[in-house]
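Okay, structure first, notes after.
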Amino acid sequence: MNLFTLFLSAMLINNIILSKFLGMCPFMGVSTRTSNAFGMGIAVIFVIFGASLLSYALYYLVLVPLELEYMELITFILLIAAFVQLTDMIIKKHSPTLYKQLGIYLPLITTNCAVLYVAMDNITQKYNLIETIVNSIAVPAGFMLMLVIFATIRERLQGNDVPKAFAGNPIAFIIAAIMAIAFTSLSGLV
């Protein structure tokens, strides 16, 4: 039950986008089409999951035994950058259309604070390996869910009359705020 609570909390209640406001660049930039949002969501799940597991291993197998825990931030940043480059090359080779659709946002996963946040949070919360795996799947799954929901809403808005002053990003930010309010109401569940 504890793992289910952790999963539900990380995915919906403490959603990284709507409660922590991390990862807003791809959230606003890639959410214009559902297909782009879905592709970016899959890439983020892969990167966060892989980087979190590698960071966990690096921390407990290298940094702790060598008493270099203070180096976790810089080593995690380097590890994430290398892992995102690998992901970039894989997507470029296996899905050139998705690579073109994601454009600059794929390399921006390197600097996406959500990736570093999950890796650091797993260590800070002192999660064991199983809890790290659950958290490292739930957080990006919540990211992807919000990205796809947001993209779906934005696609529907394109066919509607939106006042000129609110067209584009202003209405997108208003929708994001309403989504944040709606999902914040779940905070008392867990």
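Observations, loosely collected:
- Test result for residue 90, over 23 Å from residue 54 (Cβ atoms) and either at pLDDT 80 or above or not hydrophobic (A, V, I, L, M, F, W, C) (or both): no
- The numbered conditions (1) of a type in the set (A, V, I, L, M); (2) over 16 Å from residue 13 (Cβ atoms); (3) modelled with pLDDT of 95 or more are all true for residue 137 except (2).
- Scan of the stretch 34-79 for residues that are modelled with pLDDT under 90 and either loosely packed, with under 15 Cβ neighbours inside 10 Å or out of contact with any Pro (no Cβ under 7 Å at 6 or more places or on another chain) (or both), ordered by number: 34, 35, 36, 37, 38, 39, 41, 42, 43, 46, 47
- All of 116, 102 fail the test of being under 15 Å from residue 29 (Cα atoms), out of contact with any Leu (no Cβ under 7 Å at 6 or more places or on another chain) and in a helix (DSSP H, G or I), apart from 102.
- Within the stretch 179-189, being aliphatic (A, V, I, L, M) and either surrounded by 11 or more Cβ atoms within 10 Å (Cβ to Cβ) or more than 20 Å from the chain's Cα centre (by Cα) (or both) holds for 179, 180, 186, 189.
- Selected residue (criterion: surrounded by the most Cβ atoms within 10 Å (Cβ to Cβ)) from residues of the stretch 3-33 that are out of contact with any Leu (no Cβ under 9 Å at 6 or more places or on another chain) and assigned to a helix (DSSP H, G or I): 10
The values are calculated or read from the model by the stated rules, or taken from the named source; none is laboratory data. Keep in mind it's a predicted model, so treat the numbers as computed, not measured. With ideal geometry, Cβ positions are generated from the backbone for all residues, glycine too; neighbour counts draw on all protein chains shown.
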